[in-house]
Amino acid sequence: MIIAGLADSLIGMDDNTFEKSRIALLGLGAMGTALARTWLASGHPLTVWNRTSSRAEPLAAEGATIAVTAAEAVATSDLVVVCLLDDASVGEALADADLAGKDLVNLTTGTPDQARARAGWAEKRGARFLDGGIMAVPPMIGVPESGGYVLYSGSRALFDTHRGTLAVPAGTRYVGADPGFAALHDVALLSALTGMLAGLSHAFALIRREDIAPNDFAPLLVDWLAAMAPSAYEIADHLESGDYTKGVVSNLAMMVEGNSTLLRTAEEQRVSAELLTPFMALMERRLAGGHGDEGTTGVIDLLTP
Ligand code: FVH
């Protein structure tokens, strides 16, 4: 019996024997190396290339074929995966490669417009293109229970062809035919994380000078943020319905009033409020516009005039 998903990573059939598809992987930084190891461990023939060749050598002992140039690596496989520092390094690395007929999967972090331009660039060179945004750090790669996954957008046909192979290092989530969508989702999620890290920084700063152990405080933060995270569903519902007051239990008027307590406490604890004030200013502007019965969804209108 063939396990669903796994079948996609197998090509050809010889009685009970399946051959796993060959992959060319360009880029052996922390992430590229983690990807390489999971594909090798699952039996995929793998050709690797890295600008600094010494980073490729340990993988030879694990079964990888080392290519001297990126073009040489590309020539070995129909499926080419790139995981480099940034979009410019992708252009540089693939400058001399023949991409005609190749399936190019770009796991390099970039902007939506960079992904769209890279898709056009790849298509002009005869390749199908899929962009990916990795929502994981290297130790999460090849560890399904870590919850890491990769967002994909671009050629649906390419995604379907290689779905099983792409699922080996981490879960897969296809988010649309627009090649910019994986990057857009990736950056939106990273931006939400930035806000959370800003909040954590301010919270730890508030307790820092007191006799409160950070390790005692951390579980409170984790539980609180986990309990509040579903507010994303309420905001989504507001945006889709256009009714920003629907289900609101903590309204903007109350929250703006409460902000003065947050600011005063920061002052008492001799903590700079610079991480809080930009968001508070937006809340005040929305309140001044007569929207005290909403939650914070209206702030999004101010960000997207
Ligand atoms: N590591 C992480 O936690 C994050 C998790 C989310 C996704 N990111 C993105 O993944 C891309 C690769 O990240 P990385 O962690 O592998 O990055 P480094 O360890 O710094 O390795 C960078 C590789 O890029 C090569 N490289 C840089 N410039 C060039 C160039 N001009 N031409 C060819 N290759 C280039 C570099 O080669 P070398 O320095 O070893 O010679 C590494 O292979 C990235 O987009 C993250 O944002 C990771």
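The numbers here are math on the coordinates, done by the rules we state, and not lab data. Nothing here was measured: the structure is a model prediction, and the numbers come from that model. Neighbour counts run over all protein chains shown; Cβ positions are idealised from the backbone, glycine included.
Please indicate, with yes or no, whether at least one residue in region 92-103 is touching a strand residue (DSSP E or B) at 6+ places or on another chain (Cβ under 7 Å) and under 9 Å from Pro179 (Cα atoms). No, region 92-103 contains no residue that is touching a strand residue (DSSP E or B) at 6+ places or on another chain (Cβ under 7 Å) and under 9 Å from Pro179 (Cα atoms). Exactly one residue among Gly176, Gly133 is touching a residue at least 12 places away in the same chain (Cβ under 8 Å), of a type outside the set (S, T, N, Q), surrounded by 13 or more Cβ atoms within 10 Å (Cβ to Cβ) and within 15 Å of the ligand (Cβ to nearest atom), and that residue is Gly133. Being acidic (Asp, Glu), surrounded by fewer than 21 Cβ atoms within 10 Å (Cβ to Cβ) and within 15 Å of Gly32 (Cα to Cα) is the requirement here; does Glu92 meet it? So Glu92 fails the test. Failed condition for Arg156, given (1) within 14 Å of the ligand (Cβ to nearest atom); (2) surrounded by fewer than 20 Cβ atoms within 10 Å (Cβ to Cβ), with all others met? Against the list (1) within 14 Å of the ligand (Cβ to nearest atom); (2) surrounded by fewer than 20 Cβ atoms within 10 Å (Cβ to Cβ), Arg156 comes up short only on (1).
Answer yes or no as to whether Phe204 is surrounded by fewer than 18 Cβ atoms within 10 Å (Cβ to Cβ) and more than 16 Å from the ligand (Cβ to nearest atom).
Values: surrounded by fewer than 18 Cβ atoms within 10 Å (Cβ to Cβ): yes; more than 16 Å from the ligand (Cβ to nearest atom): yes.
Yes; evaluated as a whole, the condition is true for this residue.
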